[in-house]
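In what follows, a structure is listed as structure tokens, so that the remarks can point back to it.
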Amino acid sequence: MTPVSARVRGLIAEMTDAEKLGQLQIVFRPRLEDAAQLIRDGIGSVFWPRSAAATNEFQRVAVEETRLGIPVLVGLDVVHGQRTIAPVPLAQAATFDPALVEELAALAAAEARSGGVKWTFSPMVDISRDPRWGRVVEGFGEDVHLTSTMARAMISGYHGSSLRSPRAIAATAKHFVAYGQPEGGRDYNTVDASEHRLRNVHLEPFRVAVAAGAASVMASFNTVAGRPMHANHGLLTAVLKHEWGFDGVVVGDAEGVRNLIPHGIAEDLADAAAQAYEAGLDVEMGGAPSEVREALLARVDRTRLDDAVARVLTLKERLGLFDQPYVDEAAEITAPTDEALRLTRRAAVRSAVLLKNDDALLPLADHRRILLTGPYATSTDHLGAWSQPFGAPAGSIADEFASRRPDAEVSVVAGVDFLEDDDTGIAAAVEAARDSDIVVLLVGEPSALSGEAASRSDLRLPGRQEDLVRAIARTGVPFVVVIETGRPLIVSDWIDLAPSVIVAWHGGTEAAGAIVDVLLGDADPSGRLPMTWPRSVGQIPVYYAHERTGRPATTGGTLTTTTEDIGLHGPDNVQEKYTSKYLDLELGPQFPFGHGSGYATFSHGSPRLSARRIARDESVTLSVDVTNTSTRTGDDVVQVYVEDVVASIAPPVRRLVAFERVTVEAGATERVSFRIGDEQLGFRLADGRLVVEPGTFMLHVGSSLDRTQPVAVTVERA
Ligand code: NOJ
């Protein structure tokens, strides 16, 4: 059993079996009128009842009307803000700015805790490499290092220096594990992953999250190698708890225990619950324990039960709940402060990715007649998936734009709706375009199309939006495109028509202001893509860190065909044919991971190493000079990718191991340095050990995967 305090031990010694089972359940969104009775009956955790006053009443019932007076743990999905809605997590990843992500999480924690929330079901640290899966919006994208870095930052922001602080909430790393690799991108679907892939891809961000002190971990809905995660002893107990020493709470996902029946591994609810607790689940989200109390108690091991209870009570203790179960109702934050709005605006700006700016149409010049068109011109749907209904709403881009350019004639013609198959409004948009000096096309995927249970098989702009883009392009009037989305979209049918394109994601409460800041050049759109943008759905999954193949059509991440080493002889076309690619698709993605520029331009000096040869356990310093070659201050994101030249296991073509976002003044040079050692050069064996194999490693340094310079370091044989 996990070491526990005397208070927790004493409580467990006094508790009845029914009281223990009560602590092992969080009631999933109860009706308010039912919740008080559930708490009286001994339920240990509930979802947030939406105000400090209602939370205090729950606590009063728990403290005054239950035999042992144990306060309830109040949880909620605080995913990207509580009142001040920040950009969606995928957009936060695009900032490549973990310090900013930490600040956003700290803000969300302070707002949420002031209302009585103590426990959030965030961050989502699933690696997502299939944009058909709607939940890519909730995580940090396809890359292990970026996701792990952002996970650490978010947890640190939620927890602050102590969980007892009135500004802290307990973080949950979810969904454990490999939930981001469902077959066909269909939410909740099957996952089959090798030990190698689990260790080096899916488990790694969780390992980092646990090391960063995550208070809880949520089990995922999927199977891994046939075993549903809610009953997966090998991963929940052997890896998470025993190998990594996780001493927090393993919480189930909503009705995830009940779902073991349709999964086909449990006969009934009691069987499902018993299997889940035995596998290492501590708290069930939803129904079973109280419904099947007797049957469950007859089966479940009492030491395991006490261990689960100890974990829950210890979390309550760490949060200071036993000493202060109530919150100060007068101090509840119900609306964003100006400072909070400034912070989230900054994040929205920093997450925007400039995909292309061929004719330097951006930032917009002093055009006199400006048309705003597309469904996002007037829509206020900027908050994104998993934003709370009580979060501060966003304004529209049209209103914001008009107020910022009072000197211009700004016309607004939406042209098409997000989803409707109706192109009758396009003619009016075209007519307005012909009377304009510049057109700003505001298109995208509305929030409801990404998130949970929002998988899509067609990732083009929905409705008739592509027709609108083409119609505007045909007018010959210069135009720029802003895409709002919760996932990578397929833009290949029209992207070549558009000279300048920005991806603004779903930017939260301050999205409209941030988009206008970027359009007008008051701020730089200097985010980078946290996920590859495919050329076509048929190419998915396509991600940069793919394993090397024996017949590569992509090599070294440079996405050029190579025929060397394939060993086939004959005319060139024979050699080219037998490589890993599609006959009907250009090689490589539309935009690679890490892609994006800004209004400033940069050049990099040659990367330098403090040593060319190192022993295992040693590290080198890698540095590169970044010069701003433009006339405006801007941010570059320096990215370091490792290529393990020869390894015992086919390595990924490249793997991001370090990055830094750096601000450089016009004409100035900044030096950026990284430490490169075992963590960066090694990979994990099936048993979880990190191994660094001797040999040469190429370090590719640059501002994007497709613009890097190499430098070699050799790890010597011991
Ligand atoms: C189901 C989702 O999978 C999970 O991420 C979320 O935390 C729970 N519902 C609770 O809302």
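The values are calculated or read from the model by the stated rules, or taken from the named source; none is laboratory data. Predicted model, so just to flag it, every value in this text is computed and none were measured. Every residue, glycine among them, receives a Cβ derived from its backbone with ideal geometry; neighbour counts consider all protein chains shown. Heavy atoms of the whole protein, side chains included, go into the accessibility calculation; ligands, DNA and RNA do not. Shrake-Rupley method; radii C 1.70, N 1.55, O 1.52, S 1.80 Å.
So the values come out like this:
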quantity: Centre separation in Å (Cα based) which lies between segment 698-713 and segment 24-71; calculated: 55
quantity: Mean separation of Cα contacts under 8 Å, 6 or more apart, over the residue count of segment 602-716: relative contact order %; calculated: 33
quantity: Convex hull volume per residue in cubic angstrom - Cα atoms of segment 75-308; calculated: 113
quantity: Distance from segment 329-354 to segment 73-123 (C-alpha centre basis), Å; calculated: 11
quantity: Environment charge at residue 628 (Cβ cut-off 9 Å; Lys +1, Arg +1, Asp -1, Glu -1); calculated: -2
quantity: Helix axis angle, 144-159 relative to the chain longest principal axis, alpha carbon, degrees; calculated: 50
quantity: In degrees, nearest ten, helix 98-114 long axis to first principal axis of the chain (Cα); calculated: 40
quantity: Highest-first arrangement of 457-463, 440-446, where packing means the average Cβ count within 10 Å; calculated: 440-446, 457-463
quantity: Cα gyration tensor shape of segment 249-318, rounded if a/c is under 1.5, else prolate or oblate by comparing a/b with b/c; calculated: prolate
quantity: C-alpha long axis of helix 511-520 to longest principal axis of the chain, angle in °; calculated: 20
quantity: Ranked order, 263, 202 - accessible area, probe 1.4 Å, largest first; calculated: 263, 202
quantity: Amide H within-cut-off set for residue 484, under 5 Å, with H built and near neighbours excluded; calculated: 443, 444, 445, 504
quantity: Calculated FRET efficiency for the pair residue 242/residue 613, C-beta based, R₀ 35 Å, to 0.05; calculated: 0.40
quantity: Relative pair counts by distance (%), Cα atoms of segment 338-520, 5 Å bins; calculated: 1, 8, 18, 22, 22, 16, 8, 3, 1
quantity: Reference-scaled alpha-carbon Rg (2.2 N^0.38 Å with N residues) for segment 1-86; calculated: 1.19
quantity: Calculated log₁₀ intensity ratio I(q)/I(0) where the Debye formula runs over C-alpha points of the chain, q = 0.07, 0.08, 0.10 Å⁻¹; calculated: -0.50, -0.65, -1.00
quantity: Burial order of peptide ranges 173-184, 118-129 (average beta-carbon count within 10 Å, highest first); calculated: 118-129, 173-184
quantity: Span from the segment 503-526 Cα centroid across to the segment 222-269 one, whole angstrom; calculated: 41
quantity: Highest to lowest packing among 85-94, 137-146, scored as the average C-beta count within 10 Å; calculated: 85-94, 137-146
quantity: Local electrostatic count at residue 410 - Lys and Arg +1, Asp and Glu -1, tallied over other residues with Cβ under 15 Å; calculated: -3
quantity: Charge sum, other residues only, whose C-beta stays under 14 Å from residue 69's C-beta, Lys/Arg counted +1 and Asp/Glu -1; calculated: -1
quantity: Interchain or long-range residues, amide H under 5 Å from residue 416's placed H; calculated: 374
quantity: Built amide H within the under 5 Å cut-off of residue 602, gap 5+; calculated: 629
quantity: Cα gyration tensor, segment 602-716 - rounded (a/c under 1.5), prolate or oblate; calculated: prolate
quantity: Computed helical MRE - 222 nm, the chain, DSSP H runs ≥ 4 contributing -39500 (n - 2.57), nearest 500; calculated: -7500 deg cm²/dmol
